[in-house]
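Structure, as structure tokens:
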């Protein structure tokens, strides 16, 4: 049963772009090509209650404010979790001493809150996503080049190691959304989906590195007035060391953006993580720090008036597989954002987003997992008064193929 849990997590990694023959889906020979059709369908019924909601908004808060904005203190939904439903196609071949591949994927939704149920309303915004379209070429002797849209390099191991990747995590609220946040914004910054040109070294006895330039995705203009004029490509990198009992990794990102005709900001972020497994027990610890990196999404609320704000956070997660094969997990994550030097009007800015998660993940079959989660989320502003707290329960299933 423990192997089934590991296979499910490996399948999640496959869905997020870490394609490998060891985690293959439905294999179809096609002449010189081998086509791998893979993906998942996941569905969760969620109930989220809101407590202590102020009528004042919190800029950058991840906890939902139903009570303050709509008068309702409970939100119900049937939706996907942290992973959207996924259908991916990967083709591989060997030509001229090169391993060549392509990956294209789409992410439809499993629920819709439009009156017709098909998104044909002006209020429905959760259309299908298109997260991957990339090619690779290389060889085991010298490495692999990737070109196109895929998950970012910085912080991707944080989300791949998050147990809520198989579930819901934070921000389960209502129906019709594309995904929840999982641990994004409460422990790590979202790696996002970026156009990139990257190089990954060969595996050197467990040591492997990736470096690349990335599309300068549009950064949030909230609280900072960013004009989205970015001076150069982003640069992201990662080093992994895999050993028998787990892995250790470090990654970083560097961006530069012009916020006015005379001012520009530098965005830097660095993280460190470890995943350790012994028998049926698992432990993951992760920390990050950034300047101008903001919180939740890279650059969001990371600056004001040309001055960068510092941020940091992390999460710790423990899991144990009981005799029934069910993985029980407990996780705590927090993301903090400081006011900029000399900033005196940041009272409504998020100071801290934090989350507790208790989860149970049961492999009903090799490919089908039943999931139950409880999440407590709290967002606190810098004014020391404004606070929003959510309690969320989710029950559902995720099927990988």
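Per-structure values
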item: Residue ID - modelled with the lowest pLDDT, chosen from residues in the range 220-248 that are touching a strand residue (DSSP E or B) at 6+ places or on another chain (Cβ under 6 Å), surrounded by fewer than 16 Cβ atoms within 10 Å (Cβ to Cβ) and outside any strand (DSSP E or B); result: 231
item: Contacts under 7 angstrom Cβ, first residue in the range 354-380 being in a loop (DSSP other than H, G, I, E, B), partner at pLDDT below 95 and surrounded by fewer than 22 Cβ atoms within 10 Å (Cβ to Cβ), 6 or more apart; result: 366/4; 366/7; 367/401
item: Test result for residue 299, touching a helix residue (DSSP H, G or I) at 6+ places or on another chain (Cβ under 6 Å) and within 20 Å of residue 159 (Cα to Cα); result: no
item: Count of residues meeting criterion [at pLDDT below 90, under 18 Å from residue 178 (Cβ atoms) and in contact with a helix residue (DSSP H, G or I) (Cβ under 6 Å, 6 or more places away or on another chain)] in the range 72-93; result: 1
item: So residue 273, is it assigned to a strand (DSSP E or B), surrounded by 19 or more Cβ atoms within 10 Å (Cβ to Cβ) and at pLDDT 95 or above; result: yes
item: Qualifying residue in the range 256-270 (condition: under 19 Å from the mean Cα position of the chain (by Cα) and modelled with pLDDT under 90); result: no
item: Among the residues listed as 113, 109, 56, 96, the single one being out of contact with any strand residue (DSSP E or B) (no Cβ under 6 Å at 6 or more places or on another chain) and modelled with pLDDT of 95 or more; result: 96
item: Check on residue 337, at pLDDT 95 or above, surrounded by fewer than 19 Cβ atoms within 10 Å (Cβ to Cβ) and touching a strand residue (DSSP E or B) at 6+ places or on another chain (Cβ under 8 Å); result: no
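Conditions (1) over 25 Å from residue 351 (Cβ atoms); (2) without any contact (Cβ under 8 Å) to a residue 12 or more places away in the chain, marked per residue:
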{"site": "161", "(1), (2)": "yes, no"}
{"site": "183", "(1), (2)": "no, no"}
{"site": "188", "(1), (2)": "no, no"}
{"site": "195", "(1), (2)": "yes, no"}
{"site": "199", "(1), (2)": "yes, no"}
{"site": "204", "(1), (2)": "yes, yes"}
{"site": "212", "(1), (2)": "yes, no"}
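The values are calculated or read from the model by the stated rules, or taken from the named source; none is laboratory data. What you see is a predicted model; the values in this text were computed from it and never measured. A quick note on method: Cβ atoms are made from the backbone with ideal geometry, for glycine too, and the neighbour counts reach across all protein chains shown.
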